[in-house]
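A quick write-up on the structure given underneath.
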Amino acid sequence: MSITHESAAITRFAPSPTGSLHLGNARTAFFSYLWARKTGGRFILRIEDTDAERSQLRFRDELMAELRWLGMDWDEGPDVGGPSGPYLQAERGDFYRTQFARLESGGQAYPCYCTAEDLELSRKLQRMAGKPPRYAGTCRNLSSAQRAEREARGLRPTLRFRVPEDEVIEFVDAVHGPQRYVSGDIGDFIVRREDGTSAFFFCNAVDDSLMGVTQVLRGDDHLTNTPRQLLILDALSMRRPAYGHVGLLVGADGAPLSKRHGSTSAQEFRERGFLSVAVLNQLFRLGHASDVDGWLPLAEMPAHFRPEHLGRAPARFDEAQLLHWQKETLERMSNSEVAAWLKANDAPEFIDLVRHNVVLPADAVAWRAVVNGELAPLGEAEQRVVEAAGAGFFAAAVEAYDQAGADLKTLAKTLKERTGRKGPEVFMPLRVALTGQSHGPELAQLLKLMTPQTARRRLESHAKNS
RNA sequence: GCUCCCUUCGUCUAGAGGCCUAGGACACGGCCCUCUCAAGGCCGGUACAUGGGUUCGAAUCCCAUAGGGAGCGCCA
């Protein structure tokens, strides 16, 4: 069996609006998006809001806003419509009811009157006995009289899928290759909750099929769920999409990405000032090997996306690499784009000067203070530079500054003549005194941007008691 | 407990039996450039989880072991 990656793929991203857009989900969404764009297919956004308790409108809006911020657009979705709507599962109840009825009339599903407490207890018992916690089959073969009796007692049933015995379920996973499961390992599972809404296994599989999705791409955590979904689709004689399960995104410690790893949502990275293209360049290479190593604009990513090179092993998210893509992105931006990104109304000369020393907006804040604010206390290394130069050096520097003004070349020249020092021995103490740091943008330009009073005061402060 | 998945430099990855004394990117270290940092150029170190097979030959195939992860939910 060979997997074809080239035909027009209909892919989807189907998040549940119960939280912010996690980096891992953003990556799966992105891969799905790229697959559709690469093959000239379609990308669908479907919101899985069947859990009324946890689903929130706010999260749905946030999810879409973050996706858009990242640069992804979808051909079908709750806000743009499409031929297979509605795209909110909460509004698809009629579709599910139709399919539930088909399952029930075919005997492929049955009402189950066990309560959540019954089931919990049963699972616990099985676990203690060292057995896999599977549905015991209590309601599997209830007679109509028995059902009527339970209904009369006011019990509201769930609908349970009757897993066929001794069936082999096979499929070719787009990233893992051939998979084989036996139905005996799967217990009957709930497809319709007591309140009539659809459970995940069901609506997720049915909608993918109904919406014409040809390629489902999702996290590895769904791999062993796939046979269940295939069973549903087969029972309903619905078309199976192809499935692909990518390795999860994990933190530096190898554990699934979570809050304790710091920022994990797209929103957090956006708020810290990361550029969306930088984030995309990083996601593009996590669990995916492209044919290019360098930075790519979003428009060129689909052509360099290789579905056959999606990774099975979990990928660690390393912020150092994201920082690299951030720099690469910044280097490609014009001064006015950088200025717009910084959102601070900086003078063009300032932007031009410090842009190569700024990776995040927070860095610009520090340089602004250097130009016209208060310097932070000197670090150890800086302290040593000042001490090595000596108070006399700075006294001479003040004098030279009074004559030369903000022209660093003349200032340095004068100082060289008066102190007999040269090169770094002249520039380094000046830099440290003037900026408080041993590194940074061109000193000559920095000096020009400062007010004379500031520059003079900073030099003078080291001329005395150092 | 059962089933399934995963394991190449610190990190992301290339690698589909000989092209691998394992390649690239990021990070790191050194040198050059330079007032410094960044950028750029050059150089460098570090990896096939372990143990058995199969084979003339294994990172690549098979089997065990170890370690990680997922699923077995009226959560998705």
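Nothing in this text is a laboratory measurement; each read-out follows from the coordinates by a stated rule. What you see is a predicted model, and the numbers here were worked out from it, not measured in a lab. Cβ: placed from backbone, ideal geometry, glycine included. Neighbour counts: every protein chain shown.
Can you sort A:VAL250, A:VAL370 so the residue with the fewest Cβ neighbours within 10 Å comes first?
Ordered from fewest to most neighbouring Cβ atoms within 10 Å, A:VAL250, A:VAL370 come out as A:VAL250, A:VAL370.
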- Message: Multiplying the sequence separation of A:ALA344 and A:ARG134 by 0.36 nm and subtracting their Cα-Cα distance, what value in nm do you get?
- Response: 69.7 nm
- Between A:ARG193 and A:ASP118, 0.36 nm times their residue separation minus their Cα-Cα distance comes to what? 25.5 nm
- Over the Cα atoms of the stretch A:16-113, what Rg and Dmax result, in angstrom? 16.0, 48
- Calculate the dipole size of chain A relative to its Cα centre from +1 charges on Lys and Arg beta carbons and -1 charges on Asp and Glu beta carbons; express the result in debye to the nearest 20. 500
- Item | Euclidean distance of C-alpha centroids, the stretch A:274-348 and the stretch A:234-271, integer Å | 19
- Query: A:ALA299 to A:ALA145: FRET efficiency via 1/(1 + (r/R0)^6), r the Cβ-Cβ distance, R0 51 Å, to the nearest 0.05?
  - Reply: 0.20
- Would you mind working out the magnitude of the charge dipole of the stretch A:158-301 relative to its Cα centre, with +1 at each Lys and Arg C-beta and -1 at each Asp and Glu C-beta, to the nearest 20 Debye? 380
- Task: Any chance you could check the Cα centroid distance between the stretch A:76-130 and the stretch A:1-71 for me, in angstrom?
- Result: 21
- Collect residues whose amide H, placed 1.01 Å from N in the peptide plane, falls under 5 Å from the amide H of A:ILE169; neighbours closer than 5 in sequence don't count. A:TYR181, A:VAL182, A:SER183
- Task: Could you tell me which of A:ALA65, A:GLN89, A:LEU34 has its Cα farthest along the dipole of the stretch A:1-97 towards the positive end, charges placed at Cβ (Lys, Arg +1; Asp, Glu -1), taken about the Cα centre?
- Result: A:LEU34
- Message: Considering just Cα atoms, how many Å³ per residue does the convex hull of chain A enclose?
- Response: 193
- Cα pair distances in the stretch A:234-364, grouped into 10 Å bins until the bin that holds the longest one, percent each: 11, 34, 30, 16, 6, 2, 1
- Query: Each residue of the stretch A:73-81 in order: what ³J(HN,Hα) in whole Hz does its phi give by Karplus 6.51 cos²θ - 1.76 cosθ + 1.60, θ = phi - 60°, with x for Gly and Pro?
  - Reply: 10, 10, 7, 9, x, x, 8, 10, x
- Message: Need the list of aspartates and glutamates near A:LYS413 for cross-linking: C-alpha distance under 18 angstrom, and skip anything on the same chain fewer than eight residues off.
- Response: A:GLU399, A:ASP402, A:GLU425, A:GLU442
- Query: For chain A, which span is the longest to avoid every loop-located (per DSSP) member of GluC sites (Glu not before Pro) having at most 12 other Cβ atoms inside 10 Å?
  - Reply: A:166-373
- Message: For the stretch A:135-199 and the stretch A:414-443, what is the centre-to-centre distance using only Cα atoms, to the nearest Å?
- Response: 77
- Query: Residues in the stretch A:338-358 near a label at A:GLN445, defined as backbone nitrogen under 14 Å from the 7 Å Cα→Cβ point?
  - Reply: A:338-339, A:347-358
- Message: Positive end of the dipole of the stretch A:1-152, charges at C-beta (+1 Lys, Arg; -1 Asp, Glu), about the Cα centre: which of A:SER7, A:GLY19, A:GLN126 has its Cα farthest in that direction?
- Response: A:GLN126
- Message: Taking amide H atoms as placed 1.01 Å from N in the peptide plane, list the residues 5 or more away in sequence, or in a different chain, whose amide H sits under 5 Å from that of A:ILE190.
- Response: A:PHE161
- Item | Dipole of chain A, positive end: most advanced residue of A:MET333, A:VAL359, A:LEU430 [Cβ charges, Cα centre] | A:LEU430
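Given R₀ = 25 Å, what would the calculated FRET efficiency be for A:ARG368 paired with A:ASP407, taking r from the Cβ atoms and rounding to 0.05?
The pair A:ARG368/A:ASP407 has a calculated efficiency of 0.65.
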- Item | Other-chain or far-sequence residues with amide H under 5 Å of A:ARG12's (modelled H) | A:ILE44, A:LEU217
- Task: Give me the distance in nm between label points sitting 7 Å out from Cα along the Cα-to-Cβ direction at A:ALA289 and A:ALA381, one decimal.
- Result: 3.7
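Before anything else, pin down the relative contact order of the stretch A:1-138: Cα pairs under 8 Å, at least 6 apart, normalised by residue count, whole percent.
Normalised by residue count, the contact order of the stretch A:1-138 is 20 percent.
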- Item | Gained length - A:GLU167 relative to A:ASP61, 0.36 nm times residue gap less alpha-carbon distance | 33.9 nm
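List the chymotrypsin sites (Phe, Trp or Tyr not before Pro) within the stretch A:235-292 that fall in a DSSP loop (any state other than H, G, I, E or B) and whose Cβ has at most 13 other Cβ atoms within 10 Å.
Listed in order of number, the matching sites amount to none.
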- Item | Phi-based couplings in Hz for the stretch A:126-131 (Karplus 6.51, -1.76, 1.60; Gly and Pro marked x) | 5, 4, 5, 7, x, 10
- Assuming a ≥ b ≥ c are the square roots of the Cα gyration tensor eigenvalues, decide whether the stretch A:374-466 counts as rounded (a/c under 1.5), prolate (otherwise, with a/b larger than b/c) or oblate. rounded
- Query: When the label point is put 7 Å from the Cα of A:ARG156 along its Cα-to-beta-carbon vector, which residues of the stretch A:175-213 have a backbone N closer than 16 Å?
  - Reply: A:191-199
- Query: Could you state the principal axis extents of the C-alpha atoms in the stretch A:312-425, from the largest down, to the nearest angstrom?
  - Reply: 65, 33, 24
